[in-house]
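Below is one structure, written out as C-alpha cells; the observations come after it.
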Amino acid sequence: MFESGRKSVEGALLSAHGQGSVRRKPWRKYGVIYKSVLLENLQYAANVALGFFAYFVFIYIYIRLWGYMYRSPEELIAGYTKEQMIWYVMMTEMLYFGSNAGVVAGEVAKDIRGGNIAYLMNKPYHYTLYILARYTGEWSVRMPMYAVFAVLIGAVLVGPLPHFQWITVPVMALCAVLGITINAVFKLCISLFSFWIEDTTPFQWIYNKLILVVGILFPVEIFPKALQPLLKMTPIYTVCYGPAKLIVDFSLEKCVEILMAQAVYLAAGCALMFFIYGKGVRKLYVNGG
Amino acid sequence: MQAIEVENLSKTFRVKRKEKGIRGSIGAIWHPRIEEIQAVNGVSFAVEEGEMLAFIGPNGAGKSTTIKMLTGILYPDGGRVEVLGMEPMKKRRQLAYQIGTVFGQKEQLWTHLTPNDNFRFFGAIYDLSERETEERIEELSERFALKDFIDTPVRNLSLGQRIRCEIVASLLHKPKVLFLDEPTIGLDPVVKENVRELIRQMNREEHTTIFLTSHDVGDIEKLCQRIIIVNDGQIVLDDSVEHLKNHYLHHKSAENELQKETAPSMEGMAAAAENGDASDASLEDIIVEIYKAQGEV
Amino acid sequence: MLTVVKNQLRVCFLSIQYNIMREMVNKVTFLTNVVFMVLNDASILVQWFILFRLRDDVGGYSLREVLMLWGLVAASFGLSNILFARALSLPNLIINGKLDAYLVQPKNVLLGVLTSETRISAIGDLLYGVILVCVCRPGVGGFCLFLLFTITGALAFTAFALLLGSLSFWFVRMDILQNQMLMGMINFGTYPDGIFQGAARILLYVLLPVGMALWLPSHVMARFDGKMLMAVLGYVFLLSAAAVAVFYRGLKRYASGNLMEARL
C-alpha cells in the first residue's frame, strides 16, 4: 500500500531545442527543457487540483488526530503547540504531494530498463540533469497550487501560525526548493540502480516510507532523545524537517544551519548521482543494452 | 448456407473534440464540441460458409468498426448483422464459442508463459475438457509445426512462431468463422507464405470461413477468392479477385461495358485508367489506383 | 448451470495462477516486491509506537486494536489486489479501448477483466496483515472473524474501485479520482474512528466504504456483535451489486463506441 503516487508523465521531450547555443551557454538547454515541461504541465493543472483530495484527507486526519492527542490547548508536545504541530505536517505533506516524483522514480527506471537510455545518453546534455530539469518543470506547477491550498486549509481549519513573519518567506522558499531537489537527487540515485537490477520500485517504497515516518509525520524532536542526533545525520533533516521547521518556528541560527547542511547534502548527492550514472553507463558500454 | 450476412449496416460515432492549448481545455468543459463521424455507412454483403474474403481499405475506412460489429464488440446504429444465424450483440457469448479472432498487432497470449500453457488457458475459456484440449493441441501443433518451441516462453519466440501460436490459440475450439486482422504484418516473405499456407489448409480441412483484413496484397491474392474494398464507411468494390484482375487488364477496351456491371467501383477504375498503363498492372497497382481515385492516398 | 459456474471459476483461477507465474519468472524481483512491501507496511508501526508513547489510547483504541485494524486493512487490500487488481487500472483499459479482447471471449466479461492482473506486492500486504493479526493472538474464533472480514473488506475495496473506475465510461480523469478515493479509503481506514466526530464520522460511514467495511468489522473483532456482523455483510453485498450494475451500464455505452476517439 501507499506507494508514492502513480501519475503518468506525458511523452518524452524533443531534444533538439537550443542545440545551436550548446557551446556558448551550456546551461541554457536545461532552461529550455524546464520551460517546455512547465508549459506542458500547465495543461494538467486540473489533474493537480483533483489531487488535492488526498492531501486534504491526510491533513484532515492529522487535524483530528492531534486534536485528540492534545488534551488542553496550552499543552506542548516535544516543544510544539497544537497549531505548530499541525502546520508542520501540513508543510511537509505539501512538499511531499507538491513534488510528486514520477519523473525521477518511474520514468528513469523505465528509460534504463526499456533501453531508451541508449538514445538519451548520447544527446548533447547530461541525462541526470535533463531529468532534474524536467522534474523541476513538473513541480513548479504543482507546488504553488499546493501551497495556496495548504495555506487556505490552514487558515480555515487550524488558525494562523504564531510568530510568523512574512519577511522570512524568501528564505523558506529557497530552503524548500533545495529540499525538493535533494530529495529528487536521492530518488534519482535509487532509480539509477536499474542499470543493475530489474525493479527498483521496492527501494523507492522504503526510501519514501523512511521520509514519511521519520520526517513528514513528526518533527525530529518527538523521537527519543538518543535517536535525535542520528536522525539529523540523515537526508530527512534537509529534505523535509528543515524547510518545515523554518516555516513553523523560524530562527536565524537554525536557518543558517539547515542551509549549510543542504549545501553539503546537495553536493554529496550530486557527486553520488554522477558516480552511479557513470558506472552504469560504463556497464552499458561493456555489456550492451 | 451463409456464414455472415450484413444488410445496410451503419455506425456513427459521436466524438468530443477539444481545441488545442489551455484555452481549448477550459472551453471544452463548458461547450463541448461534438462531432459526428459516420464510420460505417450502409454496408451490405454476405459471406458464404467456407469462403475466404478479403475486407480491405485505407486506414480509417471503417474496417475495424465493421469487424467489431461482426464480433459483438460494438452494436450497430442501423441495419442488420447475422453471423452464423445469430445477432452478435444479442448472442455475444454463444457466438464467441463459434468464432475465432486473430489481431496481428494485438497479442492475446501471455508472453512470459509457454505456448502450451497459453493453449490450456484458451481451452478452459472455451470449455474444452483437459483431454479435448490435449488432443487439439497435439493435432494443431503437428499441423502448424510448433513441436520444437511449444515449451519455450512466448517472448523468446520469433515473430513468425508467435503468430503461428496466436492462430493456433484462436483455432483450439474449432471456430466456424475466423476473423484475421493483418495476420502477416511484420513477417518476412518466407514466414508469410508459410502462414498463408496454413490458413489455406485450415480453410480446406475444417471448412473454416475466413474474414481477412490486410494491407498486404500478397495475403489477398494468395488467400482470397473475393475482395471487398471499403472507403469512408462505404463499399466501393465487391468482386472476385479473378474478375477484378481480368477486367482491369481489359479495362481500356471494355470501359463502357464495365460501367454497367460493377457500378460502385467504376469511378475508381475510370480514374485509375487515366493514371497509367493498365495492361501490365498487378493487383497491388489496381488497389492503389482505386484508393487514389477515392482521394485517400 | 453448475458446469457453467465451474468452467467460469476454472478460467478465473487459471488467469490468476498465470498472472503469478508470469511474475515469478524473475524470482529476485518477485521476492523483493513481497518482502519489501511487508517492510514498507511495517514501518508505519513507528508512528503508532510514538503516538502511544504520548497517550494510552488513540481515539478509544488500544495499541492492540489499532494493530488489528491495520492488519485487516492490509489483508483486505492485499487480497483484493491479488485476485482483482485490474479493478484499479480499469479506467486505463476503458479509455484505451482494451475491453475488446474480453468481449470476444465466451466468458463473463467482468470476471475476465478483474482477474487479468495481479499485483505481486499485494502478496506482501496480505502476508503483513496476517502476521500482524497473529501477533495480536486473537484466538481461533477471532481469527475466523478476521478471515471473514478480510474477504468482505477485499470485496468492498474491489467494488469501490470498480464503481469509480466504471465512471470512466462516462467521464474523463476518473483514473485520478479513483486513485484519490481509494487512497482516502485506506488512509481513513488505518486510523481509529474515535478521532472523528460529528458530521465527518457520519460521512465516513456513508460516503466512503471505510466505516461499514473496515471500522465496524474491527469493532466486531474487539467485541462480537451479531447484528453488526449482518450489517457488514449486507452492506458489502449491496455495494458489490451497485458496482456490478454500473459496470454493465457502462459496458453498453462502450459498445456504442461513443466514448473515445482512439477507437475509430
Residue in the range C:132-140 that is open to solvent by less than 10 Å² (accessible area, probe 1.4 Å) and within 22 Å of C:Q8 (Cα to Cα) present: no
Test result for A:C175, touching a Pro at 6+ places or on another chain (Cβ under 6 Å) and either surrounded by 20 or more Cβ atoms within 10 Å (Cβ to Cβ) or assigned to a helix (DSSP H, G or I) (or both): yes
Subset of the range B:154-169 that is part of a helix (DSSP H, G or I) and hydrophobic (A, V, I, L, M, F, W, C) - its residue that is surrounded by the fewest Cβ atoms within 10 Å (Cβ to Cβ): B:L159
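Residues being farther than 18 Å from A:W139 by Cβ and part of a helix (DSSP H, G or I): count how many of those fall in the range A:191-211.
Looking only at that region, the number is 11.
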Single match in C:L51, C:L67, C:L79 (criterion: in contact with a Cys (Cβ under 8 Å, 6 or more places away or on another chain) and of a type outside the set (D, E, K, R)): C:L67
Selection count where residues are more than 22 Å from A:D199 (Cβ to Cβ) and at pLDDT 90 or above, scope the range A:96-129: 1
Residues of the range C:104-113 satisfying the condition of being open to solvent by 10 Å² or more (accessible area, probe 1.4 Å) and part of a helix (DSSP H, G or I): C:L110, C:L111, C:G112
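Just a yes or no: is a residue in the range C:225-234 open to solvent by less than 10 Å² (accessible area, probe 1.4 Å) and more than 14 Å from every other protein chain (Cβ to nearest Cβ)?
Within the range C:225-234, the subset open to solvent by less than 10 Å² (accessible area, probe 1.4 Å) is C:232.
In the following step, the residues that additionally are more than 14 Å from every other protein chain (Cβ to nearest Cβ) were identified as C:232.
Within the range C:225-234, one or more residues are open to solvent by less than 10 Å² (accessible area, probe 1.4 Å) and more than 14 Å from every other protein chain (Cβ to nearest Cβ).
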Which listed residue is in a loop (DSSP other than H, G, I, E, B), surrounded by fewer than 17 Cβ atoms within 10 Å (Cβ to Cβ), facing chain C (nearest Cβ under 7 Å) and among the small types (G, A, S), from B:G72, B:G60: B:G60
Any hit, the range C:137-152, residues being within 18 Å of C:L39 (Cα to Cα) and in a helix (DSSP H, G or I): no
Counted residues, the range C:2-12 - those being hydrophobic (A, V, I, L, M, F, W, C) and either open to solvent by less than 30 Å² (accessible area, probe 1.4 Å) or within 9 Å of another protein chain (Cβ to nearest Cβ) (or both): 3
Hits in the range B:99-141 (condition: closer than 20 Å to B:R155 by Cα and small (G, A, S)): B:G104, B:S141
Residue within the range A:212-227 that is assigned to a helix (DSSP H, G or I), within 17 Å of the chain's Cα centre (by Cα) and more than 13 Å from chain C (Cβ to nearest Cβ) present: no
Pairs, first free of Cβ contacts under 8 Å to residues at least 60 places away in the same chain in the range B:71-87, second of a type in the set (D, E, K, R) and open to solvent by less than 10 Å² (accessible area, probe 1.4 Å), C-beta under 9 Å, six or more apart: B:Y75/B:K11
Filtered residue count, the range A:230-275, keeping only those that are more than 23 Å from A:V169 (Cβ to Cβ) and in contact with a Ser or Thr (Cβ under 9 Å, 6 or more places away or on another chain): 5
Extreme residue, farthest from A:Y62 (Cα to Cα), among residues of the range A:78-98 that are of a type in the set (S, T, Y) and open to solvent by less than 10 Å² (accessible area, probe 1.4 Å): A:Y80
Residues located in the range B:146-189, provided they are free of Cβ contacts under 8 Å to residues at least 12 places away in the same chain and among the basic types (K, R): B:K147
Residue ranges of helices (runs of 4 or more DSSP H) in the range C:19-92 with at least 1 members farther than 25 Å from C:G112 by Cα, at the interface with chain A (Cβ under 10 Å from one of its Cβ atoms) and open to solvent by 50 Å² or more (accessible area, probe 1.4 Å): C:27-42, C:45-54
Residue that is nearest to the other protein chains (Cβ to nearest Cβ) [pool: residues in the range B:107-145 that are touching a residue at least 40 places away in the same chain (Cβ under 8 Å) and either open to solvent by 80 Å² or more (accessible area, probe 1.4 Å) or basic (K, R) (or both)]: B:E107
Pick from the range B:4-39, criterion hydroxyl-bearing (S, T, Y) and closer than 18 Å to B:G79 by Cα, ranking: modelled with the highest pLDDT: B:S10
Odd one out for A:F250 among (1) more than 19 Å from the chain's Cα centre (by Cα); (2) without any contact (Cβ under 8 Å) to a residue 60 or more places away in the chain: (2)
Residue identified as open to solvent by 70 Å² or more (accessible area, probe 1.4 Å), at pLDDT 70 or above, facing chain C (nearest Cβ under 9 Å) and out of contact with any Phe, Trp or Tyr (no Cβ under 8 Å at 6 or more places or on another chain) among A:R28, A:R71: A:R71
Test set (1) under 30 Å from A:F275 (Cβ atoms); (2) modelled with pLDDT under 90; (3) open to solvent by less than 80 Å² (accessible area, probe 1.4 Å) - A:S194 fails condition number: (2)
Subset of the range C:188-214 (residues that are buried (at least 19 other Cβ atoms within 10 Å of the Cβ), within 21 Å of the chain's Cα centre (by Cα) and farther than 16 Å from C:L155 by Cβ): C:F188, C:T190, C:Y191, C:P192, C:D193, C:L204
Looking only at the range B:75-102, and only at residues there that are open to solvent by 60 Å² or more (accessible area, probe 1.4 Å) and of a type in the set (D, E), the one that is nearest to C:Q105 (Cα to Cα): B:E87
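The values are calculated or read from the model by the stated rules, or taken from the named source; none is laboratory data. As the structure is a prediction and not an experimental result, all values here were calculated from the model. Every residue, glycine among them, receives a Cβ derived from its backbone with ideal geometry; neighbour counts consider all protein chains shown. For accessibility, only protein heavy atoms count, side chains too; no ligands or nucleic acids. Shrake-Rupley method; radii C 1.70, N 1.55, O 1.52, S 1.80 Å.
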